[in-house]
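Trainee: This is the structure I have questions about; it appears just below.
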Amino acid sequence: MRAWPSPEIPSLPVTGPQVVLHDTASGSRVTTDPGGTARLYVCGITPYDATHMGHAATYVAFDLLNRAWRSAGHDVTYVQNVTDVDDPLLERAAKVKVDWTALAERETELFRQDMTALRVLPPDHYVGAVESIPLAVELIEQLQAQGAVYQVETDLYFSVTADPDFGAASNLDRDAMLRIFPDRGGDPDRPGKRDPLDCVVWRGERPGEPSWPSPFGPGRPGWHVECAAIARHHLGGAFDVQGGGSDLVFPHHEMCAGHAQVVEPGTPFARVYSHGGMVGYDGEKMSKSRGNLVFVSALRNSDVDPMAIRLTLLRHHYRDDWEWTDTELWRSVDDLATWRKALSLGAGAPAAPVVEEVLAALADDLDAPRAVAAVDRWAAATLGSGGLADTSDPQAAAALLPALDAALGLTV
Ligand code: 5CA
Ligand code: ZN
């Protein structure tokens, strides 16, 4: 699939520190150790509705990781999928009477435009589930060869007991997994299953649903096997970071890890599992199924500066759960105006310590609020009050502008 155009990334005269990230599997902070090229997989959208602020927060969070690695001197290979066939997409297409492929294409295109406006670096491989069906089939055959797959009617299930490390990626015990599973698409009570936590890897054809031929009969892959197959194919085993929102910790990322670890025993799916918090609106998690959404495209259409949207997201730590409010958006519009005013002076308060603080904050588990606060302080010092402006650095704006762009993705 086509991704979206990449913004320019200015090169900085200073190198950032190695990136420390909170890892869901170990429940602790881990210094990422990517060697030359860091390998990142982030779960992409299910394209049946426009990009909301929750999606935007997640993709901006992993964009900060991408940028922090680059600032630390690494190349990055970034892979993102598009779940372009799935139950909610098919249901929405049927409801609004459009072809499901047309709906997926339209919403994916809108997502590309939203990501471009928010200056999110594109993945190197933007991969659709449909175009990856042969990869999923190959992975299911490998799972079969390990004896990890069994049949229930026309569907195939993955035996979670085949992975000795099952539960490790999400760091959850069996009781917690059993509690969460039914709320996240699982079917613990289906007759014929060997373990309530087993998940579908091949869904046999249903009347009225699209299907593809396979050695297991017509049907389509399960959701988890798609991401596992795409990530393994494009990144190999033990890639650096598997990312997504916290709603994907279990079962999605656990099952992906399980599939990968059964076909390549002893090699973890990913080294670090990283998860962003949930963005809410009107007291609940923002979600397409609940319909309590604030769309990036709707704000763009009302001429809101996308950099103000991005700054609003950056003011929240990526691991926090928080509520979107328009009040914060309007505050970001004002803050950007203040920054622009200070930067337009050219000279200002010393920029080097600010650049250093921004890079240090981002390498410290993507602490964007701390980075942004450093810029606020610089702008306040530069503009001063009552003649107390600090303009001791004649090159302040020239040093700060590329750092804001490269590290935070903000053009001011
Ligand atoms: N296609 C799958 C992943 S393979 C999927 O979860 N799609 S999605 O469209 O539902 O979500 C896309 C990304 O946005 C996921 O990483 C998800 O965790 C994240 N996300 C969804 N809702 C929110 C929210 N309210 N706040 C923060 N992140 C969210
Ligand atoms: Zn995924």
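A quick yes/no check of all residues on (1) surrounded by fewer than 19 Cβ atoms within 10 Å (Cβ to Cβ); (2) under 19 Å from VAL241 (Cβ atoms):
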| residue | (1), (2) |
| --- | --- |
| THR31 | yes, yes |
| ASP49 | no, no |
| ALA57 | no, yes |
| VAL60 | no, yes |
| ALA72 | yes, yes |
| ASP87 | yes, no |
| ALA94 | yes, no |
| GLU109 | yes, no |
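Trainee: How many residues, within region 226-247, are near ligand 2 (Cβ under 10 Å from one of its atoms) and within 14 Å of VAL127 (Cα to Cα)?
Mentor: 5
Trainee: Let me ask another. In region 33-47, which residue that is in a loop (DSSP other than H, G, I, E, B), more than 16 Å from ligand 2 (Cβ to nearest atom) and open to solvent by 20 Å² or more (accessible area, probe 1.4 Å) is nearest to THR411 (Cα to Cα)? Walk me through how you get there before you give the answer.
Mentor: In the first step, residues of region 33-47 are kept if they are in a loop (DSSP other than H, G, I, E, B); the result is 33-36, 43-47.
Retained after the next criterion (residues that are more than 16 Å from ligand 2 (Cβ to nearest atom)): 33-36.
With the extra rule that they be open to solvent by 20 Å² or more (accessible area, probe 1.4 Å), the set shrinks to 33, 35-36.
Values: ASP33: 29, GLY35: 29, GLY36: 28 Å.
Among residues in region 33-47 that are in a loop (DSSP other than H, G, I, E, B), more than 16 Å from ligand 2 (Cβ to nearest atom) and open to solvent by 20 Å² or more (accessible area, probe 1.4 Å), the one nearest to THR411 (Cα to Cα) is GLY36.
Trainee: Can you work out which of the residues in region 69-84 that are within 13 Å of ligand 2 (Cβ to nearest atom) and not in a strand (DSSP E or B) is farthest from the chain's Cα centre (by Cα)?
Mentor: The initial filter retains those residues of region 69-84 that are within 13 Å of ligand 2 (Cβ to nearest atom), namely 79-84.
If we keep only those that are not in a strand (DSSP E or B) too, we end up with 83-84.
Working: THR83: 13, ASP84: 16 Å.
Step by step, filter region 69-84, then rank; the result is ASP84.
Trainee: Just checking, how many residues over region 277-306 are more than 29 Å from ASP240 (Cβ to Cβ), part of a loop (DSSP other than H, G, I, E, B) and within 14 Å of ligand 1 (Cβ to nearest atom)? Steps first, please.
Mentor: To start, the set of residues in region 277-306 that are more than 29 Å from ASP240 (Cβ to Cβ) comprises 280-284, 288-295, 297-305.
Of the ones still in play, those that are also part of a loop (DSSP other than H, G, I, E, B) are 282-283, 288-294, 302-305.
Now drop any that are not within 14 Å of ligand 1 (Cβ to nearest atom), which leaves 282-283, 288-294.
Selection size over region 277-306: 9.
Trainee: Please verify whether VAL160 is within 16 Å of ligand 2 (Cβ to nearest atom), among the aliphatic types (A, V, I, L, M) and either open to solvent by 30 Å² or more (accessible area, probe 1.4 Å) or at pLDDT 95 or above (or both), treating the condition exactly as stated. Can you show your working first?
Mentor: Working: within 16 Å of ligand 2 (Cβ to nearest atom): no; among the aliphatic types (A, V, I, L, M): yes; either open to solvent by 30 Å² or more (accessible area, probe 1.4 Å) or at pLDDT 95 or above (or both): yes.
Taking the combined requirement at face value, the residue does not satisfy it.
Trainee: In contact (Cβ under 8 Å) with a residue 40 or more places away in the chain, charged (D, E, K, R), open to solvent by 30 Å² or more (accessible area, probe 1.4 Å) and not in a loop (DSSP other than H, G, I, E, B): does that describe ARG331? Spell out the reasoning first.
Mentor: Values: in contact (Cβ under 8 Å) with a residue 40 or more places away in the chain: no; charged (D, E, K, R): yes; open to solvent by 30 Å² or more (accessible area, probe 1.4 Å): yes; not in a loop (DSSP other than H, G, I, E, B): yes.
No, not satisfied.
Trainee: So which residues in region 247-271 are surrounded by 23 or more Cβ atoms within 10 Å (Cβ to Cβ) and outside any helix (DSSP H, G or I), if there are any at all?
Mentor: Across region 247-271, the qualifying residues are PHE269, ALA270.
Trainee: For residues in region 1-29 being β-branched (Val, Ile, Thr) and open to solvent by 40 Å² or more (accessible area, probe 1.4 Å), which is farthest from VAL85 (Cα to Cα)?
Mentor: Residues of region 1-29 that are β-branched (Val, Ile, Thr), as a first pass: 9, 14-15, 19-20, 24.
Add one more test, that the residue is open to solvent by 40 Å² or more (accessible area, probe 1.4 Å), and what stays is 9, 14-15.
Working: ILE9: 33, VAL14: 44, THR15: 42 Å.
Among residues in region 1-29 that are β-branched (Val, Ile, Thr) and open to solvent by 40 Å² or more (accessible area, probe 1.4 Å), the one farthest from VAL85 (Cα to Cα) is VAL14.
Trainee: Which count do you get for residues in region 255-276 that are within 13 Å of ligand 1 (Cβ to nearest atom) and of a type in the set (D, E, K, R)? Give the steps one after another, and end with the answer.
Mentor: First pass over region 255-276, keeping only residues within 13 Å of ligand 1 (Cβ to nearest atom): 255-256, 273-276.
Filter once more, so that each one left must be of a type in the set (D, E, K, R): none.
Qualifying residue count for the region: 0.
Trainee: A follow-up question, please. ASP87 fails exactly one of the following numbered conditions: (1) closer than 30 Å to ASP165 by Cα; (2) under 14 Å from the mean Cα position of the chain (by Cα). What is the number of that condition?
Mentor: Of everything listed in (1) closer than 30 Å to ASP165 by Cα; (2) under 14 Å from the mean Cα position of the chain (by Cα), ASP87 misses just condition (2).
Trainee: How about region 113-212: which strands (runs of 3 or more DSSP E) wholly inside it have at least 2 residues that are touching a residue at least 12 places away in the same chain (Cβ under 8 Å) and within 24 Å of SER289 (Cβ to Cβ)? Steps first, answer last, please.
Mentor: Numbers: elements: 125-128, 149-152, 155-158, 199-204.
Strands (runs of 3 or more DSSP E) meeting the threshold: 199-204.
The values are calculated or read from the model by the stated rules, or taken from the named source; none is laboratory data. Keep in mind that this is a model prediction, so the values were computed, not measured. Don't worry about glycine lacking a Cβ; one is built from the backbone with ideal geometry, like all the others, and counts go over all protein chains shown. For accessibility, only protein heavy atoms count, side chains too; no ligands or nucleic acids. Shrake-Rupley method; radii C 1.70, N 1.55, O 1.52, S 1.80 Å.
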